[in-house]
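Here, each number is a calculation from the coordinates, and none is a lab measurement. This structure is a prediction, so every number in the text was calculated from the model and none was measured. Cβ placement follows ideal geometry from the backbone for every residue including glycine, while neighbour counts extend to all protein chains displayed.
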Amino acid sequence: IRTYVAQSAIEGVGVFAAEPIRKGASIWRLDPDFDRLIPMEKYEAAPPHLKELLDRYAYPSPDKPGFMVYEVDNGRFMNHAERPNTDFSQYG
């Protein structure tokens, strides 16, 4: 799915679809070319500026305990909301 990053009313910037998305379509998958799995040991040993980046843009891996996922593509700008308009339940 083509996306773009722009100002978001939720927080700073967010990622937006640049094309229509049909209901039920898959909008994300782990792609080793664009997503990095960071072992928690490396996160814990990282310098403060890198930990700050990961705290903002990474999240616990839904299927690999002990790892964080850092998305290099626009997916890292996905905002989270109390009532999300996407369903990631298959990953959680």
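Listed values, structure above:
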| read-out | value |
| --- | --- |
| Environment charge at THR3 (Cβ cut-off 15 Å; Lys +1, Arg +1, Asp -1, Glu -1) | -2 |
| Farthest positive-ward along the chain dipole, Cα basis, beta-carbon charges - from ASN74, GLY24, TYR59 | GLY24 |
| Charge tally in the Cβ shell below 10 Å around MET68, where Lys, Arg are +1 and Asp, Glu are -1, MET68 excluded | +2 |
| Spacing of the two label points (7 Å from each Cα toward its C-beta) at GLU11 and ARG83, in nm | 2.0 |
| Debye intensity ratio I(q)/I(0), log10, the chain, q values 0.10, 0.14, 0.19, 0.20 Å⁻¹ (C-alpha model) | -0.29, -0.57, -1.03, -1.13 |
| Residue order, fewest to most beta carbons within 10 Å, for THR86, THR3 | THR86, THR3 |
| Charged-residue dipole, Cβ positions (Lys, Arg, Asp, Glu), the chain about Cα centre, Debye nearest 20 | 220 |
| Net charge over other residues, Cβ less than 11 angstrom from the Cβ of ASP31 (K, R count +1; D, E count -1) | -2 |
| Size of charge dipole - the stretch 30-81 - debye, nearest 20, with Cβ of Lys, Arg +1 and Asp, Glu -1, no other charges | 160 |
| In Å, descending, principal axis extents of the Cα set of the stretch 30-81 | 25, 23, 21 |
